[in-house]
1. Residues in the stretch 311-319: is at least one surrounded by 19 or more Cβ atoms within 10 Å (Cβ to Cβ) and within 19 Å of the chain's Cα centre (by Cα)?
2. Modelled with pLDDT of 95 or more and assigned to a loop (DSSP other than H, G, I, E, B): is that true of ILE287 in this structure?
3. Residue by residue through the stretch 107-138, note down the ones that are farther than 22 Å from ALA281 by Cα and over 23 Å from the mean Cα position of the chain (by Cα).
4. For the stretch 116-137, check the following and say yes or no: at least one residue is more than 30 Å from LEU324 (Cα to Cα) and either at pLDDT below 95 or not basic (Lys, Arg) (or both).
5. Can you pull out the residues in the stretch 273-297 that are aliphatic (A, V, I, L, M), in contact (Cβ under 8 Å) with a residue 40 or more places away in the chain and closer than 30 Å to GLN225 by Cα?
6. Give the residues of the stretch 77-101 that are over 24 Å from PRO147 (Cβ atoms) and either exposed (fewer than 15 other Cβ atoms within 10 Å of the Cβ) or among the acidic types (Asp, Glu) (or both), sorted by residue number.
7. For THR269, all conditions in the list (1) crowded, with 21+ Cβ neighbours inside 10 Å; (2) over 25 Å from SER69 (Cα atoms); (3) in contact with a Ser or Thr (Cβ under 6 Å, 6 or more places away or on another chain) hold save one; what is the number of the exception?
8. If you check ARG114 against the conditions, is it basic (Lys, Arg), more than 23 Å from ALA232 (Cβ to Cβ) and in the same structural domain as ASP81 (by TED's automatic domain parsing)?
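The values are calculated or read from the model by the stated rules, or taken from the named source; none is laboratory data. Everything numeric in this text was worked out from a predicted model, so none of it was measured. Neighbour counts are summed over all protein chains in view; Cβ atoms, including those assigned to glycine, are modelled from backbone coordinates with ideal geometry.
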Amino acid sequence: MPDTALTLDRLRTAGLDEQFTALRGAVTNGLDSNESNIAVVAEPFACRDRFLDHIEREFPSRTGRVSISDAASDTLPPFPDTEIVLVDDCQLLYQRDIGGFDTLDVFIEEMASRETVFVTAWNRYAWSYLTAVTALGSLFPDPISIPRLKASQVSELLQSYHDNEQPDFREVDDTQRVKTLDIDVESTTVAGVAVPTPSVRVNPEYILPQSRTDEETDIEAVVYQTIATLSAGAPRVAVDLWERSIRDGTIAPAYVKEVDESLDIDRDTAFVLELVLTNEAIASETIAAICRDSTPEQAIQTLRTNNLVTVDGDGTVRLEPTRLRSTITHLQRRQLVW
C-alpha cells in the first residue's frame, strides 16, 4: 500500500474519527480566542501528518505550513503570516546535548509573539521526554493524543484498502507448529558485564478465546491481533507488516511474527537507537556530535546488522518500521523512553 493510500477517510474508518473531530474543534476554539496552541502527539509512523492535512483541508485559506527538517539546525524556517500555522516534526526542535533546547526556546518565543493558532505535531517519546524536563506541557494544556490502533481497527484499515480481495488466511506455517510461549533473551549490562535477561511472552494466538466456532474467522482475528501488537498500533507499520507477510496470496500469524526478533545490544547502542526513535530521521553526523564520547559509527552498524535502522545515501539514519515495537519494548526496559 503506497503511503498516499493511507487517506484521511481510511484513518477515519479505522476508528480515528474522534481525534480528527477533536482537532478541528480545538482549532475552531483557538481561532475564536486567539490564544490556543495545539499539540498532536503520536507514535512514529502513526500518520501525524494526516491530522495536519485535515486542518489544511478544513481551513485552506487561513492555513500555512512548515516542517522542522533538521535536528542539528539552530535556526527555524520562516513562519507564514496566517491565522493557523501547522508545524510538522516538532521533535526535531531539540537535541539530547548541551544547549539542545536553544531552538525549542526560540520556537516558544515565536509562538508567544504571535496571535496565531499553532498546530504542532510531535513524536510521542520526544514529547514525553520534553514534558518531563521542560515546561513545554504548560504551553499545550490539552494535547491531542492519537491512540494506537486496536486489532479491530487494524482490520478495518486493511480491509478498507483491499475491499473484498483478501488473502487466504492459514493457521500455521509450513512446520505446522504454533508455540504457546515465546522466550526472548535480551542483554542487560550490569557493572560493565552483559547479563542475559529472559522475557516470556504469550503468543497473540492464545490471547484470544480458545473455543472457536468459525475457524477461518478466528485465524483472521489472530492475524489482525498479531499485526496490531507488532506494529504498536501504528497504521504505517501495520500496512508494512501486512504487505510483507502475504506470500503467494496467503497469510498466517507465523508469517507476521518473523520480524519480531529480540534485541541484544549494549547501552551505548541503545542510546543511539533512542535518538533514532525520538527523531525518526537523524543525520549520522548529528549522532556522532551527540555521542562524541563513544563509538556511534559502530553503534549504527550494529543497528543496521540487526535490521533496526536503515541509512540513506546522505547518511540519514531511519528506524525500520517493522521493528518499532521491539525497539520501544527494549528502550522501555532500559528506561530510556517512557
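1. Filtering the stretch 311-319 down to residues surrounded by 19 or more Cβ atoms within 10 Å (Cβ to Cβ) leaves 317, 319.
After this cut, where a residue has to be within 19 Å of the chain's Cα centre (by Cα) as well, the list is 317, 319.
Yes, some residue in the stretch 311-319 is surrounded by 19 or more Cβ atoms within 10 Å (Cβ to Cβ) and within 19 Å of the chain's Cα centre (by Cα).
2. On the way: modelled with pLDDT of 95 or more: yes; assigned to a loop (DSSP other than H, G, I, E, B): no.
Criteria not met by ILE287.
3. Passing the criteria: ILE108, GLU109, GLU110, MET111, ALA112, SER113, ARG114, GLU115, THR116, VAL117, ALA135, SER138.
4. Step one: list which residues in the stretch 116-137 are more than 30 Å from LEU324 (Cα to Cα), which gives 116-117.
After this cut, where a residue has to be either at pLDDT below 95 or not basic (Lys, Arg) (or both) as well, the list is 116-117.
Yes: the stretch 116-137 contains one or more residues that are more than 30 Å from LEU324 (Cα to Cα) and either at pLDDT below 95 or not basic (Lys, Arg) (or both).
5. Quick first cut of the stretch 273-297, residues aliphatic (A, V, I, L, M) only: 273, 275-277, 281-283, 287-290.
Remaining after also requiring in contact (Cβ under 8 Å) with a residue 40 or more places away in the chain: 273, 275-277, 282-283, 289-290.
Within the stretch 273-297, LEU273, LEU275, VAL276, LEU277 qualify.
6. PRO77, PRO78, PRO80, ASP81, GLU83, ASP97, ILE98, GLY99, GLY100 - these are the residues of the stretch 77-101 that are over 24 Å from PRO147 (Cβ atoms) and either exposed (fewer than 15 other Cβ atoms within 10 Å of the Cβ) or among the acidic types (Asp, Glu) (or both).
7. Against the list (1) crowded, with 21+ Cβ neighbours inside 10 Å; (2) over 25 Å from SER69 (Cα atoms); (3) in contact with a Ser or Thr (Cβ under 6 Å, 6 or more places away or on another chain), THR269 comes up short only on (2).
8. On the way: basic (Lys, Arg): yes; more than 23 Å from ALA232 (Cβ to Cβ): yes; in the same structural domain as ASP81 (by TED's automatic domain parsing): yes.
Taking the combined requirement at face value, the residue satisfies it.
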